[in-house]
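Below is one structure, written out as structure tokens, with a few remarks after it.
The values are calculated or read from the model by the stated rules, or taken from the named source; none is laboratory data. The model shown is predicted, which means the values in this text are computed figures rather than measured ones. Cβ sites come from the backbone with ideal geometry, for glycine too, and all protein chains shown count toward neighbours.
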Amino acid sequence: MKVFVTGATGFVGTAVVEDLIKAGHEVLGLARSDASAEKLKAAGAQVHRGDLEDLDSLRSGAAQADGVIHTGFIHDFSRFAVVCEVDKVAIATIGEVLAGTNKPFVVTSGTALVKPGTMATEDMDPDHDALHSPRRSEPASDAVADLGVRTSVVRLSPSVHGEGDHGFVPVLINIAREKGFAAYIGEGQNRWTGVQRFDTGSLYRLALEKGTAKARFHGVDGEGIAFKAIAEVIGKNLNIPVRSISQEAAAEHFGWFAAFAGIDCPASSKITRETLGWQPSGISLLEDMEQYYFKS
């Protein structure tokens, strides 16, 4: 299968590309720079120049493919509503090209966007109104499915972890360095989930190969990791105190990250494993942190 991959040189996308090629698929990767293009060539993928806001490049890439995996996202939380709209438009644009073909199209969302405070399962729909989140990748995906495309959604854990991570855990580590202590809110029992990045590669591939229209799959290994445990690993490795702070103090301490630091978002991947035969084999988030996240 020839697969068009957005975000193909990103932290998750590189794992997806590697897994697709190992499984015998042909990859056409979206690249917005010469450096990204060279990275794709080195991985054995074909290069398609463009970006998520270049809609003609998305149309052209999708038109050449037997299936599409959309891992691309502009990670700029200072204009989160804007980049979420870019994501929504990108999904709709690719969907228009694939309309009526029943080709597979895998879209990305997050387990934290489902129902905080509850064990999220694949058969739950996100409560967007309660979350006040501008991200609408799942409704956009379902709208494409109604056009005759075999869309499915991979919901990733808050932490997709591994060497080279630039996501939420490094943000926490940098805040702890700056403040001089690693913090958690209240008792720190709010839960995150994690998944090793190379396990996401096989998950996206299996969703592409086996996914049905409007299916949801969870990239989750540990179902619930207490935020306090993450803070304790940070404190130990930076040799700084670990402290509880109040909800009121969280905004000042964590800044824009406060909502993520306080969210309780356990999730299960039981249905995903049973449906796709996905078996994550990577180490846990806390083990990965110990190995890779505090190198000088």
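Residues that are surrounded by fewer than 22 Cβ atoms within 10 Å (Cβ to Cβ) and of a type in the set (Lys, Arg) were ranked within segment 195-254; the one that is farthest from the chain's Cα centre (by Cα) is Arg243.
Okay, residues lined up against (1) in contact with a strand residue (DSSP E or B) (Cβ under 6 Å, 6 or more places away or on another chain); (2) of a type outside the set (Phe, Trp, Tyr); (3) assigned to a loop (DSSP other than H, G, I, E, B):
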site: Glu38; (1), (2), (3): no, yes, no
site: Val47; (1), (2), (3): yes, yes, no
site: Asp51; (1), (2), (3): no, yes, yes
site: Gly61; (1), (2), (3): yes, yes, no
site: Glu85; (1), (2), (3): no, yes, no
site: Gly95; (1), (2), (3): no, yes, no
site: Ser109; (1), (2), (3): yes, yes, no
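Considering only residues of segment 278-287 that are out of contact with any Gly (no Cβ under 6 Å at 6 or more places or on another chain) and assigned to a helix (DSSP H, G or I), which is farthest from Ala226 (Cα to Cα)? Residue satisfying both the conditions and the ranking: Glu287.
Here the condition is being in contact with a strand residue (DSSP E or B) (Cβ under 7 Å, 6 or more places away or on another chain), of a type outside the set (Asp, Glu) and either under 22 Å from Arg32 (Cα atoms) or not assigned by TED's automatic domain parsing to the domain that holds Ala31 (or both); of Val114, Val68, it holds for Val68 alone. Can you tell me which residue within segment 124-142, out of those that are modelled with pLDDT of 90 or more and hydrophobic (A, V, I, L, M, F, W, C), is surrounded by the most Cβ atoms within 10 Å (Cβ to Cβ)? It comes out as Ala140. Among the residues examined, Val12 qualifies as modelled with pLDDT of 95 or more, surrounded by 15 or more Cβ atoms within 10 Å (Cβ to Cβ) and assigned to a helix (DSSP H, G or I).
Take Arg177 and tell me if it is charged (D, E, K, R) and more than 22 Å from Ile271 (Cα to Cα). It is true that Arg177 is charged (D, E, K, R) and more than 22 Å from Ile271 (Cα to Cα). Residues in segment 210-230 include none that are over 27 Å from Ile175 (Cβ atoms), in a helix (DSSP H, G or I) and touching a Gly at 6+ places or on another chain (Cβ under 6 Å).
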